[in-house]
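As structure tokens, the structure follows; a few thoughts come after it.
The values are calculated or read from the model by the stated rules, or taken from the named source; none is laboratory data. Small disclaimer: the values here were computed from a predicted structure and weren't measured. In this analysis, Cβ positions are derived from the backbone assuming ideal geometry, glycine residues included, and neighbour counts consider all displayed protein chains. For the accessible areas, the whole protein counts, side chains as well, though only heavy atoms, and no ligand, DNA or RNA atoms are used. Shrake-Rupley method; radii C 1.70, N 1.55, O 1.52, S 1.80 Å.
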Amino acid sequence: MDRDKILNRFDELGNRFKTLPTQRNEGVRGHHFHGVDWLSWATSAQHLIFSVFGENSIHAKNINKAVADCNGYDYEFELVCAVFLSAHDDFKGGYLISVEKSISGEIFGDFIGMARAALSEGHKNVAAVLAAAALEDAIKRFCISKEIDVQGKSLQDLVNAMKSKSLLSGSKKSLLDSMPRIRDNAMHAHWDKITEADIGAMIGFLDQFLISEF
């Protein structure tokens with residue numbers, strides 16, 4: 001998910017809400033939003049929250065209930081907007097526990113498991129490619145989560161950016177220093193420049209990185 005696009009969409013819906021027309025109904029407390037207008041807005045807000053937080057998140061459950069209980073009156077619609085604004089604030093403040101990140105962790109775990117199995121069976125080259133692919137994708141996703149631009153950047157560029165922001169420390173920092181070289185050799189089929197120890201080191205780094213970041 002592109003953080004900037006999501007924030008822009010939250011802002012668009014927030015501004016759109018302010019322009020929704022209301023009308024005063026005789027004998028009824030408060031104002032009433034036209035059904036097409038408020039339901040269209042609420043549907044877009046629900047879709048955004050589902051996409052960002054997941055359909056089983058507390059934000060999704062609360063906005064579902066608020067929309068279901070809303071008949072368009074302003075005092076009812078305030079509850080819908082309150083949930084939307086809460087979701088906006090939580091995402092903007094970086095308090096999102098990402099469903100995507102959890103899924104990514106499972107995928108990386110599968111790749112690492114396959115790489116480890118290939119290495120144990122003597123398929124060094126296959127293990128190298130699997131581990132290198134998992135490494136590059138993991139580093140890119142991590143950098144995106146830290147708002148580091150990954151477009152057109154090499155793995156070494158990303159590693160340097162992570163270092164400059166002090167996102168690496170201790171053993172992870174020293175282990176990652178050699179990873180771009182191993183990755184490049186694997187992706188360019190320079191098999192004679194890759195040892196089983198290299199692949200083992202990459203898998204070991206990924207194990208640590210997976211636990212701590214995904």
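With the structure loaded, tell me whether D149 is without any contact (Cβ under 8 Å) to a residue 60 or more places away in the chain and part of a helix (DSSP H, G or I) or whether it fails that test.
On the way: without any contact (Cβ under 8 Å) to a residue 60 or more places away in the chain: yes; part of a helix (DSSP H, G or I): no.
Criteria not met by D149.
Taking segment 202-214, which residues are closer than 23 Å to N125 by Cβ and buried (at least 16 other Cβ atoms within 10 Å of the Cβ)? Explain how you work it out, then say what you get.
Filtering segment 202-214 down to residues closer than 23 Å to N125 by Cβ leaves 202-207, 209-210.
Of everything in segment 202-214, those that are closer than 23 Å to N125 by Cβ and buried (at least 16 other Cβ atoms within 10 Å of the Cβ) turn out to be M202, I203, F205, L206, F209, L210.
Please determine, by comparing only the residues of segment 164-201 that are modelled with pLDDT of 85 or more and under 17 Å from I144 (Cβ atoms), which one is least open to solvent (accessible area, probe 1.4 Å).
The extreme case among them is S164.
How do the pairs read when you match residues in segment 176-188 that are among the small types (G, A, S) with residues anywhere that are assigned to a helix (DSSP H, G or I), using Cβ under 7 Å and keeping only pairs 6 or more apart or on different chains?
Listed by first residue and then by second, the contacts come to S178/A201; A186/A128; A186/V129; A186/A132.
Residue under question is S51, and the condition is that it be among the hydroxyl-bearing types (S, T, Y), part of a helix (DSSP H, G or I) and modelled with pLDDT under 90; does it hold?
So S51 fits the description; yes.
Go through segment 58-86 and give me each residue that's over 14 Å from W38 (Cβ atoms) and in contact (Cβ under 8 Å) with a residue 40 or more places away in the chain.
Within segment 58-86, L85 is the sole residue that qualifies.
Of everything in segment 77-89 that's open to solvent by 30 Å² or more (accessible area, probe 1.4 Å) and not small (G, A, S), which residue is nearest to H31 (Cα to Cα)?
E78
Output the residues belonging to segment 108-147 that are at pLDDT below 80 and loosely packed, with under 14 Cβ neighbours inside 10 Å.
D110
Could you grab me the full set of residues in segment 152-195 that are assigned to a helix (DSSP H, G or I) and more than 19 Å from Q208 (Cβ to Cβ)?
Result: Q156, D157, N160, A161, S164, D184, N185, A186, M187, W191, D192, K193.
Let me spell it out: the conditions are (1) in a helix (DSSP H, G or I); (2) open to solvent by less than 20 Å² (accessible area, probe 1.4 Å), and N62 meets all of them except one. Which number is the exception?
(2)
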